Every structure is written in C-alpha cells, then in structure tokens.
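After the structure tokens below, expect a handful of questions from me.
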Amino acid sequence: MNTYRVLEPTLKDILDGIQPLREDWVVRFKIIEELEDVVKSVESLRGSTVEPFGSFVSNLFTRWGDLDISIVLSNGSYISSAGKKRKQNLLEDVLKALRQRGGWQRLQFIPNARVPILKFENASISCDVSIDNMQGVMKSKFLFWINEIDRRFRDMVLLVKEWAKTHNINNPKAGSLNSYSLSLLVIFHFQTCVPAILPPLKEIYPRNVIDDLTGVRTDAERRIGEICAANISRYRSNKSRAINRNSLSELFISFLAKFNDISSKATELGICPFTGKWEEIRSNTRWLPRTYALFIEDPFEQPENTARAASAANLMKISEAIQTTHHRLVMANQNQISFLGFLVRPRISRIIAGTPASNSSYTGGHHVRTPVGTPSYTSAHRVRTPVGTSSYMAGQHITTRSQISRSVYSPSQAQFQTLNISPASHPSNLSSQTLNIRPASHPSNLSSQRMGSRSINSTNRRQENQTNNSTRQRYVQNYHIQGQPAWRPKSDQ
C-alpha cells in the first residue's frame, strides 16, 4: 500500500521534529530548581520538597510539553494526605512568594479544580504545580514502565498528541481531551490490536493503585513496583505470545480506524484499559449514572473518568477529526507534504521542510536504515549494552541536520546516561523479578548529578546516544526526603 510507503518515513520525521532536545531537558531542570528555592522561602512549607511528574517523568513529553510539579509536604516517612482546603492555602502562599520573587509569568491559581493547581510560565514552559500529588507521581511511573514493554508506545503517544493538537482536540479547558486520556487511548489500542502489544493493565497490577498508596511511602512504592516488575517480566518473557510486528504507520492508521465511530460507541460503551475491553456502561455500576459524553476509565484510579472534560459537542469534533484524518491517509497518491498538513502544526512542518524523509524501520527496538516499503518491527528482542558504550540500543536515536542538532533520549537513556542512574536501580529495568523502587532511584527524583554540556556530532545521520567523556559534570549536595536521599538540582555548587 503506497500510503504506508510515504507515511512511515513521514512519521519518523515528525518524531524527529517533536522529540525534546537536550536543552529542553535542561530548562525544565532549571525551572524545578528555581521553584525549589521559592518553596524553601515559604514558612508554611518548611521541610517540603518538589518532585516532577507527568509526561516529563514518563518521558512522553515533546519539546513544547508542559511541566507538572508536586510539592511534597514533610510528613516523616509517611504518604501525606493533606485536605483540599490546606492544599488551597499552601498554593496561595506559593503564589504570593512567586509574585514577590518576580520573573514568573501568567500566574493563575485554580483552587476549585479537582486537584487544586497553580499555573505559571517560565522560559516559555507552561507549568502546573500541585500539593502532595502522589497519584500523579505514581501514574507517571506506570506509563514509564509500560513504555519498557514496547517502545512503539512512546512514539505513538507523541504522534497522537501532536495530531490532536493540530486538530484542537487536546485541550480539556476547551472541552476536549487531556494528554493523559490520549495516552490511555494508545494503551487501549495496543491492548486490542491483533496480536496484542500490551496486556490488560490488571495483568500488570491487579488492584486499584490509588487504594494502595498508604502508609510508609517507600514501602508502598516498593510493593507496587515489585508486583509490576514481576508481571511485566512474565509478560515479556512469554514465548507463546504472538508478536505484533506492525510498523508505526500501520498502527497509526489502525488507531484512527478503531476510534472512527467513537461518538456513537460512547453512548453505550466505555473504554477500560484495566480490562483491555470496551465495557457496557449500563452493566458497570461504578460508571452510573451516565453523565459524561465519553468515558475513559483511569486504570490506576478507578472509576475516575479521565475524559470527564470532553463535552458532547467536542466529542463530535473529536470523531470528525479522526474520520477526516483516516480518510485522507488512505486516499491514493498522497505525499509527505499533504500528510503533514493534517498531522502536525505549521511549526513542525517548517522543521521538517527541506529535509529528505528518512527511510527507517523498526527492528529489534532500534532504528535501522532499510529500503522504502519494507517496514518491520521486532519488539520481543532488544539489544542492551552497559550505559556509556557506543552501541546502546534503546529504540531512540540522535538526528542531526544542517539547521538543527537534535539529541533525542529514550526513557532509560535519559536517566542512565545524562543523569548518572544505574540500570540496576532504575524503575525501567523490569527484567528482574524484583524491583527496588525508591524516591531516589526514580526519574522523578533523577539523580544528584547535574546534566553537563556535551558536543553533538553535526553529521546528517542517525546515531546512538553515548556518553561524552569530555562532559563537565556538576555534583550537588544530597538532601533527604522521607528517609531517602532525593534528587536536588543545584547550580554553581
């Protein structure tokens, strides 16, 4: 099919255009560091720390992605359970401190949201700050782990989010879908394609995660992590499991085909990633009474509806965007320029413009140059070598162009290589039956080592990320949170 011949390299070039550069990581670290300094100055937050979560931690963010930050209250080693009113008051204190400090733009306090948040912009990055958002932190870890099952998940999430932004259906404030819902739609698609790429999430964690976030934080995280590690390892090592070898273009088109009639299905069926099935709403008492236009159940916080902001009018808009895109993709005689017009926003098209489409396919979880028209993917086998070697295969790559030097990180590379976290202690290392997850070892805390600068080869080819021996590392002072050393970025130590 000619569509796949053209669409596959187009999607790869889109990924090159939207994946974060090294400076996109650095600027977010700087924002976290600056906010930490502000929090330390607030008397009511004495002993509190800051902890990133969301797409930044799950490594599902694009160059322009938002940054979610939780202010973790001091509560000894136990998971804090501050009430909504206290959270509102504390965020008001942070708002006052930010105003006094200056340099923070578009400050907006939203106290009556389900989770009270303080919004602001810094260095053109939109940030959402909440108090004790342990639920968000844990969900970020799960999405990070899911990506370790199959690296196409991350690529699909980035592509779907960019496509949704292009069609103005990725804005819950305007009554459409949030990015978390889009990620769950990709999970559901991977669960229901044939053969399945992901299992029902109940096979990874059989209980409602939020119910188990009690007591000592390190103990709760360890229990959850060990169960997930064992179940993911079991799933990946199942030799009788059929392997899905579809290319990104095939998965993207089948994603659109699957949800082509979502507006009509949504009247009777809900999307349930926990079971990996469409579920009848009237048969699920947890979802009644039906008050939402679309129901996408949060698998980690059941029975919450992640698509509760989607209005009936916007559901029709979402459905029309899916139908229109699917129709145009399968039309004959398409080219990359015509595809870009309805897959990405203009600035992404400008990044891609003038650059020949890459002809790479997925094989063994990493990119290999192959002739056009021969897409393949083997997700069951990945080659991993110790961090710091030039042959580390992580399913991502560095793309350099004459106009742009782009450093793209896979989840584990981003933390292992640039943040000095060993594979053995990182939560993405799910090959072992046990997984020792601590705040200090998770990417939300990253490491006690700053990202240094390093040179990037300016040749026009893909290459594997590798540690530059000339990198200037900055070591920072550790501090402790809940009895464990925690990440504390600090410049000019």
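The values are calculated or read from the model by the stated rules, or taken from the named source; none is laboratory data. Remember, predicted model here, so these are calculated numbers, not experimental data. Positions of Cβ are backbone-derived with ideal geometry, glycine not excepted, and every protein chain shown enters the neighbour counts. Please note that ligands, DNA and RNA were not included when accessible areas were found on the heavy atoms of the full protein model with its side chains. Shrake-Rupley method; radii C 1.70, N 1.55, O 1.52, S 1.80 Å.
In this structure, does THR214 turn out to be more than 24 Å from ARG345 (Cβ to Cβ) and in contact (Cβ under 8 Å) with a residue 60 or more places away in the chain?
Values: more than 24 Å from ARG345 (Cβ to Cβ): yes; in contact (Cβ under 8 Å) with a residue 60 or more places away in the chain: yes.
Spelling it out, THR214 is indeed more than 24 Å from ARG345 (Cβ to Cβ) and in contact (Cβ under 8 Å) with a residue 60 or more places away in the chain.
For (1) under 24 Å from the mean Cα position of the chain (by Cα); (2) hydroxyl-bearing (Ser, Thr, Tyr); (3) within 30 Å of LEU288 (Cα to Cα), each residue gets a yes or a no:
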{"site": "MET316", "(1), (2), (3)": "no, no, yes"}
{"site": "ILE322", "(1), (2), (3)": "yes, no, yes"}
{"site": "ARG328", "(1), (2), (3)": "no, no, no"}
{"site": "ASN333", "(1), (2), (3)": "no, no, no"}
{"site": "SER338", "(1), (2), (3)": "no, yes, no"}
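Got a sec? Which of THR214, THR218 is part of a loop (DSSP other than H, G, I, E, B), open to solvent by 10 Å² or more (accessible area, probe 1.4 Å) and modelled with pLDDT under 95?
Within the list THR214, THR218, the selection yields THR214.
Then there is this: Which pairs do you get when a residue that is closer than 27 Å to SER263 by Cα, found in the range 323-339, comes within reach of a residue that is in a helix (DSSP H, G or I) and of a type in the set (Gly, Ala, Ser), reach meaning Cβ atoms under 8 angstrom, with the pair 6+ apart or on two chains?
Hits for this filter: HIS326/ALA257; ARG328/SER338.
What is the one condition in (1) in contact with a helix residue (DSSP H, G or I) (Cβ under 9 Å, 6 or more places away or on another chain); (2) touching a residue at least 12 places away in the same chain (Cβ under 8 Å); (3) open to solvent by 10 Å² or more (accessible area, probe 1.4 Å); (4) more than 28 Å from ILE146 (Cα to Cα) that PHE274 does not satisfy?
Result: PHE274 passes all but (4).
Quick test of your reading of the structure: PRO172 fulfils all but one of (1) modelled with pLDDT under 95; (2) open to solvent by less than 10 Å² (accessible area, probe 1.4 Å). Name the failing condition by number.
Result: PRO172 fails condition (2) only.
Still on this structure, I have one more. Does the range 311-319 include one or more residues that are within 23 Å of PHE153 (Cα to Cα) and in contact (Cβ under 8 Å) with a residue 12 or more places away in the chain?
Yes, the range 311-319 has at least one match.
With respect to the numbered conditions (1) open to solvent by 40 Å² or more (accessible area, probe 1.4 Å); (2) more than 30 Å from ASP16 (Cβ to Cβ), which one is the sole condition not fulfilled by TRP64?
So the condition that TRP64 fails would be (2).
Taking the residues in the range 80-108 that are of a type in the set (A, V, I, L, M) and open to solvent by less than 30 Å² (accessible area, probe 1.4 Å) as candidates, determine which candidate is farthest from SER55 (Cα to Cα).
Only one residue tops the list, namely ALA97.
Further, regarding this structure: Let me confirm something: among LEU67, LEU91, which residue is touching a Lys or Arg at 6+ places or on another chain (Cβ under 6 Å) and among the hydrophobic types (A, V, I, L, M, F, W, C)?
Result of the check over LEU67, LEU91: LEU67.
Considering only residues that are of a type outside the set (A, V, I, L, M, F, W, C) and open to solvent by less than 10 Å² (accessible area, probe 1.4 Å), look in the range 277-301 and name the one that is nearest to ASN208 (Cα to Cα). Give the steps one after another, and end with the answer.
As a first pass, look at the range 277-301 and keep what is of a type outside the set (A, V, I, L, M, F, W, C): 277, 279-280, 282-286, 289-292, 297-299, 301.
With open to solvent by less than 10 Å² (accessible area, probe 1.4 Å) added as a condition, the list becomes 297-299.
Working: GLU297: 12, ASP298: 10, PRO299: 7 Å.
Selected residue: PRO299.
Assess whether VAL194 counts as being within 23 Å of ASP16 (Cβ to Cβ) and either part of a helix (DSSP H, G or I) or open to solvent by 10 Å² or more (accessible area, probe 1.4 Å) (or both).
No; evaluated as a whole, the condition is false for this residue.
Could you grab me the full set of residues in the range 232-261 that are in a loop (DSSP other than H, G, I, E, B), open to solvent by less than 10 Å² (accessible area, probe 1.4 Å) and either modelled with pLDDT under 95 or more than 14 Å from THR3 (Cα to Cα) (or both)?
The answer is ASN244, PHE259.
Still on this structure, please answer the following. May I ask you to list the residues in the range 67-79 that are more than 21 Å from GLU34 (Cα to Cα) and surrounded by 15 or more Cβ atoms within 10 Å (Cβ to Cβ)?
ASN75, ILE79
How many of the residues in the range 307-316 are open to solvent by 10 Å² or more (accessible area, probe 1.4 Å) and under 21 Å from PHE142 (Cβ atoms)?
1
If you don't mind, there's one more thing I want to ask. Please list, ordered by first then second residue, the pairs with beta carbon atoms under 6 Å, 6 or more apart or interchain, first in the range 116-131 and open to solvent by 10 Å² or more (accessible area, probe 1.4 Å), second among the basic types (Lys, Arg) and part of a strand (DSSP E or B).
GLU121/ARG106; ASP128/LYS119
What are the residues in the range 171-190 that are part of a helix (DSSP H, G or I) and among the hydroxyl-bearing types (Ser, Thr, Tyr), if any?
First pass over the range 171-190, keeping only residues part of a helix (DSSP H, G or I): 172-174, 179-190.
Passing the criteria: SER179, TYR180, SER181, SER183.
I need a count of the residues in the range 197-211 that are touching a residue at least 60 places away in the same chain (Cβ under 8 Å), farther than 23 Å from LEU269 by Cβ and not in a loop (DSSP other than H, G, I, E, B).
So the answer is 2.
Something else about it: Among the numbered criteria (1) open to solvent by 10 Å² or more (accessible area, probe 1.4 Å); (2) in contact with a Gly (Cβ under 7 Å, 6 or more places away or on another chain), which one does SER140 miss?
Condition (1) is where SER140 drops out.
Can you tell me how many residues in the range 1-36 are within 25 Å of MET331 (Cα to Cα), of a type in the set (S, T, N, Q) and buried (at least 21 other Cβ atoms within 10 Å of the Cβ)?
Of the residues in that region, 1 qualify.
Do we have MET138 as under 30 Å from SER349 (Cα atoms) and under 15 Å from the mean Cα position of the chain (by Cα) here?
The answer is no for MET138.
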